[in-house]
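The values are calculated or read from the model by the stated rules, or taken from the named source; none is laboratory data. For clarity, every value in this text was computed on a predicted model and none was experimentally measured. All Cβ positions, glycine included, derive from the backbone under ideal geometry; neighbour counts span all protein chains shown. These accessible areas exclude ligands, DNA and RNA; they are computed on the full protein's heavy atoms, side chains included. Shrake-Rupley method; radii C 1.70, N 1.55, O 1.52, S 1.80 Å.
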Amino acid sequence: TTLVATADKSDGYSYLCVVLDGKTVLSENKAYTVASSLIDWAVGNFGYRELVSSGRPVTTVKVNNADKTDSVPVFPSHDVVLYLPDYISDDDIKYEYNVYSDELDAPFSKGTEVGEITVYCEGRTVATVSLVTGAGASLSKSARLTESLISFLTHPAVIIIALAALTFALLRVV
């Protein structure tokens with residue numbers, strides 16, 4: 001006998017159990033008993049655990065040339081929630097994060113990807129999530145001025161005029 005059983009339990013979750021080749025003993029179909037026992041076992045021995053929260057910062061990153069800030073918090077881009085056996089302890093869960101650079105140059109917007117966090121359970125990778133900035137940063141006035149000045153001084157027309165003026169000055173000296 002093949003049985004497909006579902007159950008809505010008091011933990012708020014629905015469970016599905018498939019019993020293949022269930023036996024009948026003394027005119028009782030044991031597939032029902034097995035399915036019920038398996039569902040009760042799952043409810044009693046497994047549960048959802050939030051391993052990564054998008055609301056908890058992982059680290060901060062230094063910001064260069066920003067107006068009003070010198071660092072920004074870095075958060076996971078989304079939560080990681082897994083259905084795990086209850087015997088998995090916090091010691092069985094390991095985290096490794098990699099921020100691509102120790103510093104960011106303004107400007108950038110909130111949610112800019114800056115790295116990733118990998119979650120391991122009992123030595124196996126169970127999730128990898130992007131790390132993003134929790135705030136943006138605008139360019140400071142002095143940095144904007146410096147950027148504009150460099151852009152102006154490196155423009156080809158300015159370089160040609162400067163070289164022409166230098167050549168003219170050198171010819172007058174000789």
Accessible surface of the chain [probe 1.4 Å, protein heavy atoms]: carbon and sulfur percent: 57
Residues whose placed amide H lies under 5 Å from that of VAL132, excluding near-sequence neighbours: PHE75, SER77, VAL114
Linear extension gain, SER37 paired with ALA5, 0.36 nm per residue minus alpha-carbon span: 10.4 nm
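Can you compute the helix-only [θ] at 222 nm over the chain? Use -39500 (n - 2.57) per DSSP H run of at least 4 residues, normalise by all residues, nearest 500 deg cm²/dmol.
Values: 3 runs with 47 residues, N = 174.
Using -39500 (n - 2.57) per qualifying helix, the result is -9000 deg cm²/dmol.
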Accessible-area order (highest first, 1.4 angstrom probe) of the listed residues VAL43, VAL173: VAL173, VAL43
SER14-TYR83 pseudo-label distance in nm [points 7 Å out on the Cα-to-Cβ vector]: 1.2
Lysines whose Cα lies under 16 Å from that of LYS68, excluding same-chain neighbours fewer than 8 positions away: LYS110, LYS141
Efficiency of FRET between THR24 and ASN45 - r from beta-carbon atoms, R0 22 angstrom, step 0.05: 0.20
Residue-normalised accessible area of the stretch 25-174, given per residue in Å² at a 1.4 Å probe: 66
Net charge, ASN64 excluded, C-beta distance under 11 Å - Lys, Arg +1, Asp, Glu -1: -3
GLU113 accessible area, assembled protein chains, probe 1.4 Å, Å²: 100
